[in-house]
Amino acid sequence: MDVRLVNLSVDMKEQYINYYMEWKETGEKINPGILRKMNPDRFEDMVKALHEIELDNKEREVPESVYFLVNEKNRILGAVTIRHSLTERMFNTEGHIGAGIRPSERLNGYATKILELALDKMRALGIPKALVSCNEDNVGSEKAIIKNGGIRDDDFLESHGNIVKRHWIRL
């Protein structure tokens, strides 16, 4: 599988718009959720904002790194955010890693691979273990977590009734 994680750059505008439009056309919410807060119409500003969230600043709760999974042709296959630390809310529901694979590329092993590569990035940050979560009905994400060494922890029940499955992965 010839894929890698990259930071978004201004020369990737066409690839990102294609990626974004695919999510939009399916009616699904783009994942990771941080991308929902970004405006691709102002692409250069978006790229700058994605780089700035790695800094410990007042606009973000915790520093985060955002990477895009691309293939050998630089097609964006998915995206992942890595939270460098966790707030109480993130500990309960989001975990350290949030990822999404573009709808047309699912069931190709990319969820497992993006998580594997994200865990490598976390090791480089010196984070000793990763909390990775998924909604109860997200079987594909849970399989990817388990394939990457996820050990089940207690579930978390959100106020609106959603059950979040939580897993720890030693790095």
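Looking at R83, R152, R102, just one residue is open to solvent by 40 Å² or more (accessible area, probe 1.4 Å) and among the charged types (D, E, K, R), and that residue is R152. Reported count of residues in region 122-148, each being touching a strand residue (DSSP E or B) at 6+ places or on another chain (Cβ under 6 Å) and surrounded by fewer than 17 Cβ atoms within 10 Å (Cβ to Cβ), is 2. Being in contact (Cβ under 8 Å) with a residue 40 or more places away in the chain and within 17 Å of the chain's Cα centre (by Cα) holds for only one residue in R83, R36, R4, and it is R4. For the criterion of being open to solvent by less than 30 Å² (accessible area, probe 1.4 Å), among the aliphatic types (A, V, I, L, M) and not in a strand (DSSP E or B), L69 fails. What's the number of the condition G95 fails, among (1) at negative phi; (2) open to solvent by less than 40 Å² (accessible area, probe 1.4 Å)? That leaves (1) as the condition not met. Checking I97, I101 one by one, the residue that is at pLDDT 95 or above, touching a Leu at 6+ places or on another chain (Cβ under 9 Å), within 21 Å of M21 (Cα to Cα) and of a type in the set (A, V, I, L, M) is I101 and no other. Being free of Cβ contacts under 8 Å to residues at least 40 places away in the same chain and closer than 18 Å to G33 by Cβ holds for only one residue in E158, E136, and it is E136.
The values are calculated or read from the model by the stated rules, or taken from the named source; none is laboratory data. On a predicted model such as this, the values are computed, not experimentally measured, just so you know. Cβ atoms come from the backbone with ideal geometry, glycine included; neighbour counts cover every protein chain shown. Areas reflect the complete protein model, heavy atoms only, side chains present, ligands, DNA and RNA absent. Shrake-Rupley method; radii C 1.70, N 1.55, O 1.52, S 1.80 Å.
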